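**Student:** Got a structure for you, questions after.
The values are calculated or read from the model by the stated rules, or taken from the named source; none is laboratory data. Fair warning: this is a prediction, and the values are worked out from it, not measured in the lab. Cβ coordinates were reconstructed from backbone atoms using ideal geometry, including for glycine residues, and neighbour counts include every protein chain displayed. Accessible surface areas use protein heavy atoms only, side chains included; no ligands, DNA or RNA. Shrake-Rupley method; radii C 1.70, N 1.55, O 1.52, S 1.80 Å.
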Amino acid sequence: MNPIERILTHFPLMILDGGMATELENYGCKLNDRLWSAKILIENPELIKKVHLDYFEAGADCAITASYQATVEGYRERGLSEDEAIGLIKKSVQIAIKARDEFWRIEENQYGRPEPIVAASVGPYGAFLADGSEYRGDYLLSENELVAFHRNRIRILVEAGADILACETIPCHKEAKAITRVLKEFPQVYAWISFSAQDDFHISSGEKMADCAKWLAEEKQVAAIGINCSAPNYIDSLIKEIKNKTSKPIIVYPNSGEEYDASSKQWNEITSNQQFTTSTQRWYEAGARIIGGCCRTTPEDIKAINDWARK
Ligand SMILES: [Zn+2]
């Protein structure tokens, strides 16, 4: 049984965590950097552990590691050696495992919930480029080149002991295919594949969500299919699109609904926490079984899911 199946056999819903970067910023980190939260793995790994603990305490059944933008290539561009880079990527998993074990050791934390799992974030190629192409999917790389890009980091994350791989913010079918090819080199490993979307029916590349879900439905090592880092108002329709094509669990963890205004460099608050919470409940009713938040969501948003789902 894969880690998601194991949780969903005993619980109706698996609760994910929320934004890592958002919380790091709330703690005063400056993430205006190509490496984003991967930079904090170098500077302040204890703080990353603290954020994982905050999310477990809020009710998360899963910590997504801070490896989204952590790649050997990215760290080497920053002047680190290959060994140092590998060490940092491993560290992202080790920190989350440490936080989980510390949390789960306390007996009162174990009531009415599953032991949380650690999902190693496998960010898209576009996150390494840091040019926004993870929301467009207009990569110049071939599928084979994407396989080569993902292979190294996936091996490191698997060896570090992650329970599952969180392949997230994937903008195009080609990259999802490349990742499933790498997965076959690690036959004992499971992953979820989560796309970024451009509207109610299409992933960022413009390809149909339904077509991607249909294709992934046949992949044995894919434990869940869904959407993250996209506007919450696309999610209801996208759940339907996925549900029509597969019986695999559906995972959704969109952004809070705030929009980033590039000219003012600020987030516009166009939605309240209350709206996000109500939406999460509706997504569950629509068939999503793994729910959390991506950018601009906080432990409060996760606690709100826990409050309707487990109280
Ligand atoms: Zn996001």
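**Student:** Taking the alpha-carbon set of region 3-310, what are its Rg and Dmax in Å?
**Tutor:** For region 3-310, the Cα radius of gyration and maximum Cα-Cα distance read 17.6, 51 Å.
**Student:** Moving on. Counting only other residues whose beta carbon sits under 15 Å from that of R181, what net charge do I get with K and R as +1, D and E as -1?
**Tutor:** +1
**Student:** Tell me the trypsin sites (Lys or Arg not before Pro) within region 1-55 that lie in a loop according to DSSP and have at most 10 other beta-carbon atoms within 10 Å.
**Tutor:** The qualifying sites are K30.
**Student:** So, one more: Return the subset of K50/K240; K91/K311; K30/K311; K50/K214; K184/K243 for which the Cα-Cα distance in this structure is over 27 Å, preserving the input order.
**Tutor:** K50/K240; K91/K311; K30/K311; K50/K214
**Student:** On the protein heavy atoms, probe 1.4 angstrom, tell me the percent of accessible surface of region 170-213 carried by carbon and sulfur.
**Tutor:** 50 percent
**Student:** Another one. Counting other Cβ atoms within 10 Å of each Cβ, which trypsin sites (Lys or Arg not before Pro) in region 218-247 have at most 15 and sit in a DSSP loop?
**Tutor:** Answer in residue order: K220.
**Student:** Counting helices only, and only those DSSP H runs with n ≥ 4, report the 222 nm mean residue ellipticity of the chain as the sum of -39,500 (n - 2.57) divided by its residues, in deg cm²/dmol to the nearest 500.
**Tutor:** -13500 deg cm²/dmol
**Student:** If you take the charge dipole of the chain about its Cα centre, with +1 on Lys and Arg Cβ and -1 on Asp and Glu Cβ, which of V222, Y284, S37 is farthest toward its positive end?
**Tutor:** V222
**Student:** Quick one: P(r) of region 30-177 from all Cα-Cα pairs, 10 Å bins, percents rounded to integers, in order of increasing distance.
**Tutor:** 12, 40, 33, 13, 2, 0
**Student:** Moving to a separate point now. Among S37, S142, S92, whose mean-square fluctuation peaks in a Gaussian network model of the chain (Cα, cutoff 10 Å)?
**Tutor:** Among S37, S142, S92, the largest GNM mean-square fluctuation belongs to S142.
**Student:** Let me spell out the model: positive unit charges on the Cβ of Lys and Arg, negative unit charges on the Cβ of Asp and Glu, origin at the Cα centre of the chain. What dipole size does that give, in debye rounded to 20?
**Tutor:** I would put it at about 660 debye.
**Student:** Which cross-chain or sequence-distant (5 or more) residues have an amide H under 5 Å from the amide H of I117, H modelled 1.01 Å from N in plane?
**Tutor:** Sorted by chain and number, the residues that satisfy this are C62, A63.
**Student:** Which one of W36, W215, W192 has the biggest mean-square fluctuation once the chain is modelled by GNM with Cα springs under 10 Å?
**Tutor:** W215
**Student:** Before I look further, what does region 3-310 give for accessible area per residue, probe 1.4 Å, in whole square angstrom?
**Tutor:** 42 Å²
**Student:** Which helices pass in the chain if a helix is a full DSSP H run, must span at least 27 angstrom along its long axis by Cα, and must have mean Kyte-Doolittle hydropathy not below -1.0?
**Tutor:** Result, helices passing both filters: 82-105.
**Student:** Could you identify which residue out of C294, C29, C212 has the top mean-square fluctuation in a GNM of the chain using Cα springs shorter than 10 Å?
**Tutor:** Judging by the Gaussian network model, the answer is C29.
**Student:** Note down the net charge around I89, summing +1 for each Lys or Arg and -1 for each Asp or Glu among other residues with Cβ under 14 Å from its Cβ.
**Tutor:** Here the count lands on +3.
**Student:** Turning to a different aspect of this structure: If a paramagnetic tag sat 7 Å from the Cα of D199 along the Cα-Cβ line, which residues of region 211-234 would have the backbone N under 18 Å from that point?
**Tutor:** 211-212, 230-234
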